[in-house]
Amino acid sequence: MGGVLAIGSYNRDTVLRLERFPVPGETMTALGVAEFHGGKGSNQAVAAARAGGRVGMIAAIGADAAGQAARALWAEEGIAAEAVQATQAPTGAATILLDASGENQIIIIPGANAALTLPPGFTPPDDIAVVLAQLETPQAATAALFRSLTGARRILNVAPAAPITPELLSVTDMLVLNQTEAAILAQREAEPAALALALAAETMRDVIVTAGAIGAFWARPDGVVIGAAPPCVTVVDSTGAGDAFLGAFAAFSTEGFKPEKTLRLAVTAGALACTREGAVPSLPYRAAILALPGH
Ligand code: RIB
């Protein structure tokens, strides 16, 4: 069974719990505030490790308390972090507004994440089956890593939504994005399956579009599409649901399951991540994912 390598961001998340989102010009009082580990890259690495993957992380952090906390997290989760870089910039941070329905709005301060490069002389381990990246760190570093891992499935989570450089797209095998991000990339609103098919045809890559309670759709460039529906859960906080999906998808992909089963397990992980507050505290463990009916 090959390993999972994640390249991407670490952020210190500050979550402000609100009754509802403020309107422009409005001052509001939060119902509560809490701090969590976050950052899409790190969240996905943790999700993959909890789903049973053997995981390594490439990230950039600052020489500060948040950076130390990141290293402690990766050690605790059994994630190999030798390739993590210390930079002059402060560790990345995110402010997350969370409303009473569990929806969020996220503002990122990139800090050290913006300085991520592939370490000089970096040689990837030769047993990597899946490599995961997002768009909170420079695309050039991801493209360099993907180029060096031709034998692995190279997955790009197009989040936050942004144009993908031709250099990065040329070395990517699969795109994963939520319905909002897919609509931005496709420059039109449509059903998630239709967006997945359109983006797969346009990019000539496999494309998965996730759509919350509706589930996820995996389209191939030849027009074949499969879907999976999530279990019904009570949503407390949707932060990290996409990261739980990506991490679980990567980990279960290394186990040789059929695409339908891998997608179903990933969708289940995403749903479970909505049932608790905070990104990392909500990322589910393998046993909880497999315990749900249908697995
Ligand atoms: O996907 C959720 C994550 O997005 C948060 O943890 C926040 O840090 C941002 O990166």
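Read the figures in this text as sums done on the coordinates, not as results from a lab. A quick note: this is a predicted structure, and the numbers were derived from the prediction, not measured. Methodologically, a virtual Cβ is constructed for each residue, glycine included, from the backbone with ideal geometry; neighbour enumeration extends over all protein chains shown.
Among the criteria (1) within 16 Å of the ligand (Cβ to nearest atom); (2) farther than 23 Å from residue 285 by Cβ; (3) surrounded by fewer than 24 Cβ atoms within 10 Å (Cβ to Cβ), the one residue 91 does not fulfil is (3). Among the residues of the range 98-122, just one is surrounded by 22 or more Cβ atoms within 10 Å (Cβ to Cβ), outside any helix (DSSP H, G or I) and either touching a Leu at 6+ places or on another chain (Cβ under 8 Å) or of a type in the set (S, T, N, Q) (or both), namely 98.
Would you mention how many residues in the range 188-210 are out of contact with any strand residue (DSSP E or B) (no Cβ under 6 Å at 6 or more places or on another chain) and more than 14 Å from residue 158 (Cα to Cα)?
Filtering the range 188-210 for residues out of contact with any strand residue (DSSP E or B) (no Cβ under 6 Å at 6 or more places or on another chain) gives 188-191, 194, 198, 201-204.
If we keep only those that are more than 14 Å from residue 158 (Cα to Cα) too, we end up with 188-191, 194, 198, 201-202, 204.
Here the count works out to 9.
Of all the listed residues (160, 138, 166), the sole one being away from the ligand (no atom under 16 Å from the Cβ), surrounded by fewer than 22 Cβ atoms within 10 Å (Cβ to Cβ) and not small (Gly, Ala, Ser) is 166. Of the residues making up the range 4-60, just one is closer than 13 Å to residue 248 by Cα, of a type in the set (D, E, K, R) and crowded, with 24+ Cβ neighbours inside 10 Å, namely 50. The single residue among 125, 160 that is in contact with a Lys or Arg (Cβ under 9 Å, 6 or more places away or on another chain) and in a loop (DSSP other than H, G, I, E, B) turns out to be 160.
When residue 13 is tested against the conditions (1) acidic (Asp, Glu); (2) out of contact with any Leu (no Cβ under 8 Å at 6 or more places or on another chain); (3) away from the ligand (no atom under 12 Å from the Cβ), the lone failure is (3). If you scan the range 94-121, which residues turn out to be over 16 Å from residue 279 (Cα atoms) and either touching a helix residue (DSSP H, G or I) at 6+ places or on another chain (Cβ under 6 Å) or within 11 Å of the ligand (Cβ to nearest atom) (or both)? Of everything in the range 94-121, those that are over 16 Å from residue 279 (Cα atoms) and either touching a helix residue (DSSP H, G or I) at 6+ places or on another chain (Cβ under 6 Å) or within 11 Å of the ligand (Cβ to nearest atom) (or both) turn out to be 109, 110, 113, 116, 117, 118.
Picking from 67, 62, 52, which residue would you name as being more than 9 Å from the ligand (Cβ to nearest atom), farther than 23 Å from residue 112 by Cβ and of a type outside the set (Asp, Glu)? Show your work before the answer.
Working: 67 fails: farther than 23 Å from residue 112 by Cβ; 62 fails: farther than 23 Å from residue 112 by Cβ.
After ruling out the rest, the residue left standing is 52.
Checking the stated criteria, residue 248 turns out not to satisfy the condition of being within 16 Å of the ligand (Cβ to nearest atom), free of Cβ contacts under 8 Å to residues at least 60 places away in the same chain and closer than 18 Å to residue 3 by Cβ.
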